[in-house]
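The values are calculated or read from the model by the stated rules, or taken from the named source; none is laboratory data. Treat the numbers as computed from the prediction; the structure is a model and nothing was measured. Note that we place each Cβ from the backbone using ideal geometry, even for glycine, and neighbour counts take in every protein chain shown.
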Amino acid sequence: MLKLCGFRISNYHNKVRLALLEKGVPHEEDDKCFTPLKDAAMLEASPMGKVPWIEDGALRLSESQAICEYLEDAYPQKPLYPKDAAARAKVRELMIYLELHLELVARRLYGQAFFGGTVSDETKMEVERAIAKGVRGFKALAKFDPFIAGKEFTLADCAAAVHLPLISMATKGCYGRDALEDLPQVKPYLKMLAERPAFKRVGDDRKAATEARIAASRK
């Protein structure tokens, strides 16, 4: 049986987990693979020492997008991409904007926003400029009709559900304003997704894992 390895606090881990649950792919989970360990076994499975990765028979595969693309090919029964090639390409484009131009930019703020660290004023200015540009691009592509790529639920929704809240919280925490405030559709959209069983399950598990990590750090 396919095994998903990682931990439930990770947004990229949860993106893959949502895809597995929405597609109905039977799997088991090892959710105690903490990145700081980076031991030899972990680096063999995920050479960059990152989560998530999967094991499916003899296959070991890392990087969330590569994993999700594999799931589409290996388990096609419930696709998370449209049938039309152009529509599939637009879903992929949207995810690139979301992850490369928004989440990975906002990630530079996470140390201060979530972990008690400090981000330099120079970094904050760089991120603010870059994320404003990313928001403009994302706003031009996102449909919210009702799903982020249009009428159909797609993998882009799995990505948006785990990334958008972090972008909002990080920018609000560091700048006093939400970088996504010009996208009023985001909150009702996320609320709609949260009502789906898979999303509720992943959200509840992420919250429980976060609380457990905080409690452990205080011991």
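Some values worked out for this structure:
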{"item": "Segment 175-203 residues that are touching a residue at least 40 places away in the same chain (Cβ under 8 Å) and of a type in the set (F, W, Y), paired with ones that are surrounded by 15 or more Cβ atoms within 10 Å (Cβ to Cβ) and assigned to a helix (DSSP H, G or I) (beta carbon under 7 Å, 6 or more apart)", "result": "Y175/E128; F199/L18; F199/A161; F199/L193"}
{"item": "Which listed residue, of D204, D157, is within 30 Å of P76 (Cα to Cα), touching a strand residue (DSSP E or B) at 6+ places or on another chain (Cβ under 7 Å), in a helix (DSSP H, G or I) and assigned by TED's automatic domain parsing to the domain that holds H101", "result": "D157"}
{"item": "Of residues in segment 1-54 being at pLDDT 90 or above and of a type in the set (K, R), the one nearest to E103 (Cα to Cα)", "result": "K15"}
{"item": "Answer residue from segment 120-154, given it is aromatic (F, W, Y) and not in a loop (DSSP other than H, G, I, E, B) and is surrounded by the most Cβ atoms within 10 Å (Cβ to Cβ) among those", "result": "F138"}
{"item": "Matching strands (runs of 3 or more DSSP E) fully within segment 1-119 where at least 2 residues are acidic (D, E) and not assigned by TED's automatic domain parsing to the domain that holds M169", "result": "27-30, 53-56"}
{"item": "Selection within segment 166-193 - under 25 Å from L21 (Cα atoms) and either exposed (fewer than 13 other Cβ atoms within 10 Å of the Cβ) or not assigned by TED's automatic domain parsing to the domain that holds A149 (or both)", "result": "P188, K191"}
{"item": "Set A132, A113, A170: member being among the small types (G, A, S) and touching a Cys at 6+ places or on another chain (Cβ under 7 Å)", "result": "A113"}
